[in-house]
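Since the structure comes first, as structure tokens, the remarks are kept for the end.
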Amino acid sequence: MSTPVYIGIDVGTSETKGVATGSDGSVLAFASCAHRVRTPAPGHVEHDPEEDWWEGFVAVLGELLGNPEVDASQVVALCCSGIGPCVLPVDEQGIPLRPAILYGVDTRAWREVEELTQRFGADAVRQRCGNDLTAQSAGPKIAWLARHEPDVHAKARWFLTCQSFLVLRLTGRAVVDHATAAYFHPFYRLTEHRWDVSGCGDLVHLAQLPELAWSGEPAGTLLPQVAATFGLPSNVVVAVGTADAVADAVASGVHGSDDLMCMYGSSGFFIAPTQQPRPATGLYCAPGVEPGHWILAGGTSTAGAFVRWATELLGITDAQGNPDWVQLEELAAQADVGSGGVTVLPHLAGERTPFEDPNARGVIAGLALDHDRSHVARAAIEGVATSMALGILAVLEAAEGCSPSNERSAPRAVTAVGGGTQSLIWLQTVSDLTGLMQRTIAPGVGAAFGGAMLAAAAHGSVGLDVSRDWVRPALILRPDPDRAAVLRPGLEGQREIYAAMRAVREHRAYSTADTKEVVS
């Protein structure tokens, strides 16, 4: 007897992944498709929405449906999640007007962040949005379009993000979930769960923002032509969906106020559910996937992206010339814990939590003649782990309302998700630095699996409270006191090096301005 099939597809920074599950959460099929990031100018990070989002979705869904374990006629619901918040202007037909501007790794709108903060006042922005304006905010990027690409801005019917673009193409409805909309500062009132564009009439009109709904609600059913293209029933329900990190939290069963999710992706992201909104400077407060649920989050700008960069820098590639993470891990294992004193700041695209500095830059410090490639390889992984640990500790401090020096009860379930969980050095270093035990999840398909859970909820056949039983732990890592003693000075080391580099940067800016004044 056939059983319902749920599909989740997640668009990440560097690849799209998809999973098909049965009604008991069993994974029937998995598929993935790589895509690339565009960096057309310093601080600009983009995707081609047609090639990277839609064609990637089509390829992954086609592979899933072509798997003999998946009966297309039994697919009842699907859900899309994706990197967010992105900014994509589209016309009346949903056709993109330009490449998509990505989330906090794109730092182009620093000037607009400052100007909008001055326009409203920092306190008023926090009261309205529950968050500061940062590189993670979508509003300043829309303001950037108004300034630099006024023709595109004027033609925009909607400003969408990744999953809302896919949902529009699948159902004809422009809708976004509250968890993602909360990052469209300053256009979203956090505690009221509604758009508010007052004071922003020169930047956006209310009609240009998608409808608001909850992640596990149905956005609609497949358009007839879409259903026919994929050979799916026309009554397949499409969930509203959510951002990839939030879908990862769903996939890991992170729900209670003692839980924490750590996403090891191209960037790092950390989500702590809270019982009430807990705005905190430098962090992101947002609604959860269901009414009455809240999350407090933080993120680093380059995690896996830095490891990939380091792998390419060291010339560690496979037979096809692609970066080989397995070889990097093996090389890094040849160096001792602590990388022989080599310290890395992986700030290749600025940094988010805890520094919130779009102009931060990467550093490799402490090199000596007796260091070799293994020390640099290990320092790259440990540097990313240290930056993530700083972010995790900042989220925990704010979520629990205590300072790092105060006693706190560790979360009962720290769940690690994302492609970076394949690196045991990376995982273990984070546990050692934070003192937290971590678990990884089987089957390890992350946000796509969370999407399948949300698809089931949108269909109404399996609630999220039931589908959380689908989550099964795989690997458990515990902090090692001896390793921690070697590594923990690196936490303060990163802070000190960052502060020193910022001072140098500010001095250079001052010197340049002074020189210009003299010349003029």
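The values are calculated or read from the model by the stated rules, or taken from the named source; none is laboratory data. Source: prediction; values computed, not measured. FYI the Cβ positions are ideal-geometry reconstructions off the backbone, even for glycines, and counts take in every protein chain you see.
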Residue in the range 10-21 that is modelled with pLDDT of 95 or more, in contact with a strand residue (DSSP E or B) (Cβ under 9 Å, 6 or more places away or on another chain), charged (D, E, K, R) and farther than 20 Å from Ala458 by Cβ present: no
Filtering the range 162-194 for residues that are under 12 Å from Ala138 (Cβ atoms) and out of contact with any Cys (no Cβ under 8 Å at 6 or more places or on another chain) leaves a count of 6
Ala135: passes all of (1) under 18 Å from Leu97 (Cβ atoms); (2) hydrophobic (A, V, I, L, M, F, W, C); (3) within 19 Å of the chain's Cα centre (by Cα) but (1)
Those residues of the range 443-469 that are closer than 29 Å to Gln428 by Cβ and surrounded by fewer than 22 Cβ atoms within 10 Å (Cβ to Cβ) come to a total of 4
Checking Thr281, Thr229 in turn, the sole residue that is touching a residue at least 60 places away in the same chain (Cβ under 8 Å), over 14 Å from the mean Cα position of the chain (by Cα) and surrounded by fewer than 23 Cβ atoms within 10 Å (Cβ to Cβ) turns out to be Thr281
Of the candidates Ala410, Ala394, Ala399, Ala458, the one satisfying the condition of being out of contact with any helix residue (DSSP H, G or I) (no Cβ under 8 Å at 6 or more places or on another chain), at pLDDT 95 or above and either farther than 22 Å from Trp309 by Cβ or outside any helix (DSSP H, G or I) (or both) is Ala458
Flagged in the range 188-208 as more than 18 Å from Val289 (Cα to Cα) and either buried (at least 24 other Cβ atoms within 10 Å of the Cβ) or out of contact with any helix residue (DSSP H, G or I) (no Cβ under 8 Å at 6 or more places or on another chain) (or both), in numbering order, are Ser198, Gly201, His205, Leu206, Ala207, Gln208
Counting only residues in the range 329-381 that are within 30 Å of Cys285 (Cβ to Cβ) and basic (Lys, Arg), the one farthest from the chain's Cα centre (by Cα) is identified as Arg361
Of Ala154, Ala100, the only residue that is buried (at least 18 other Cβ atoms within 10 Å of the Cβ), at pLDDT 95 or above and not aromatic (Phe, Trp, Tyr) is Ala100
Taking the range 290-317 and keeping only residues that are among the β-branched types (Val, Ile, Thr), surrounded by 23 or more Cβ atoms within 10 Å (Cβ to Cβ) and more than 14 Å from Val344 (Cβ to Cβ), one is left with Ile295
Exception for Val27 within (1) crowded, with 17+ Cβ neighbours inside 10 Å; (2) out of contact with any strand residue (DSSP E or B) (no Cβ under 8 Å at 6 or more places or on another chain); (3) farther than 20 Å from Met263 by Cα falls at (2)
Filtering the range 217-231 down to residues that are assigned to a loop (DSSP other than H, G, I, E, B) and closer than 14 Å to Val75 by Cβ yields Leu222, Gly231
